[in-house]
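Engineer: What follows is a structure written as structure tokens; I'll ask about it next.
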Ligand SMILES: CC(C)(COP(=O)(O)OP(=O)(O)OC[C@H]1O[C@@H](n2cnc3c(N)ncnc32)[C@H](O)[C@@H]1OP(=O)(O)O)[C@@H](O)C(=O)NCCC(=O)NCCS
């Protein structure tokens, strides 16, 4: 467990703190425009260290309760590599411990993340499909 990480439900008032986590997806991040929709559609969490929001994550149950779909996960750059997202995923997993229908957790990610952490991710997640775009 990352030291001092306090995970709680995200609120509308956390908007700036979540945006201050930093720019991701090379400027194509959807969260700035969809933050309020995310709060209504997903269970959204922030993680704070000493009062500073250092991580955000969303999840929701799909497939008639069989799958936890996670989305929007991010960690502030200088806090990466300390097991913070792993802690958040454990927290989410634990929040469903009494839901007996759950069989899977699913996520999507971009190529950069696969280049940087693909081996580690594939130790926990099986790849189901890959989107390839062709520019002509
Ligand atoms: C990807 C990111 C969230 C990883 O956060 P982090 O706190 O540095 O990651 P951790 O230190 O917890 O290490 C990653 C661990 O979580 C697992 N993991 C689960 N989902 C992951 C993901 N989307 N990306 C990377 N690791 C992930 C890894 O398998 C690894 O497990 P291990 O420690 O057993 O090997 C962070 O680098 C980031 O914010 N990147 C920019 C935004 C982004 O690409 N988000 C991904 C959306 S899917």
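The values are calculated or read from the model by the stated rules, or taken from the named source; none is laboratory data. The structure presented is a predicted model; accordingly, all values stated were derived computationally and were not measured. For neighbour counting, all protein chains shown are included, and Cβ atoms are generated from backbone atoms with ideal geometry for every residue, glycine included.
Engineer: Any residue in the stretch 16-32 that is on the phi > 0 side of the Ramachandran plot sitting within a Cβ distance under 7 Å of a residue that is not in a loop (DSSP other than H, G, I, E, B)? List the pairs, counting only those 6 or more apart or interchain.
Structural biologist: 22/77
Engineer: Counting only residues that are touching a helix residue (DSSP H, G or I) at 6+ places or on another chain (Cβ under 7 Å), surrounded by 12 or more Cβ atoms within 10 Å (Cβ to Cβ) and part of a loop (DSSP other than H, G, I, E, B), which one in the stretch 1-17 is modelled with the highest pLDDT? Break it down stepwise before answering.
Structural biologist: So the first thing to find is which residues in the stretch 1-17 are touching a helix residue (DSSP H, G or I) at 6+ places or on another chain (Cβ under 7 Å), and the list is 1-2, 5, 7, 10, 12, 15.
Filter once more, so that each one left must be surrounded by 12 or more Cβ atoms within 10 Å (Cβ to Cβ): 2, 5, 7, 10, 15.
The next check asks that each one be part of a loop (DSSP other than H, G, I, E, B); those that pass are 2, 5, 10.
Values: 2: 59, 5: 95, 10: 98.
Once the filter is applied, the top-ranked residue is 10.
Engineer: Filter the stretch 18-44 for residues that are part of a helix (DSSP H, G or I) and modelled with pLDDT under 95; which is nearest to residue 68 (Cα to Cα)?
Structural biologist: So, considering only residues that are part of a helix (DSSP H, G or I) and modelled with pLDDT under 95, the one nearest to residue 68 (Cα to Cα) is 25.
Engineer: Would you confirm, using the coordinates I've provided, whether residue 68 is away from the ligand (no atom under 11 Å from the Cβ), surrounded by 18 or more Cβ atoms within 10 Å (Cβ to Cβ), modelled with pLDDT of 95 or more and under 12 Å from the mean Cα position of the chain (by Cα)?
Structural biologist: Judged against the criteria, residue 68 is a match.
Engineer: State all residues of the stretch 59-70 that are touching a residue at least 24 places away in the same chain (Cβ under 8 Å) and in contact with a helix residue (DSSP H, G or I) (Cβ under 8 Å, 6 or more places away or on another chain); if no residue qualifies, say none.
Structural biologist: 59, 68, 70, listed by residue number.
Engineer: Within the set of pairs 6 or more residues apart or between chains, which connect a residue that is more than 6 Å from the ligand (Cβ to nearest atom) inside the stretch 76-97 to a residue that is part of a helix (DSSP H, G or I) with Cβ atoms less than 9 Å apart?
Structural biologist: Qualifying pairs under 9 Å: 76/84.
Engineer: Of everything in the stretch 98-136, what is in contact (Cβ under 8 Å) with a residue 24 or more places away in the chain, part of a loop (DSSP other than H, G, I, E, B) and more than 7 Å from the ligand (Cβ to nearest atom)? Give them in sequence order.
Structural biologist: Selection gives 99, 101, 102, 103.
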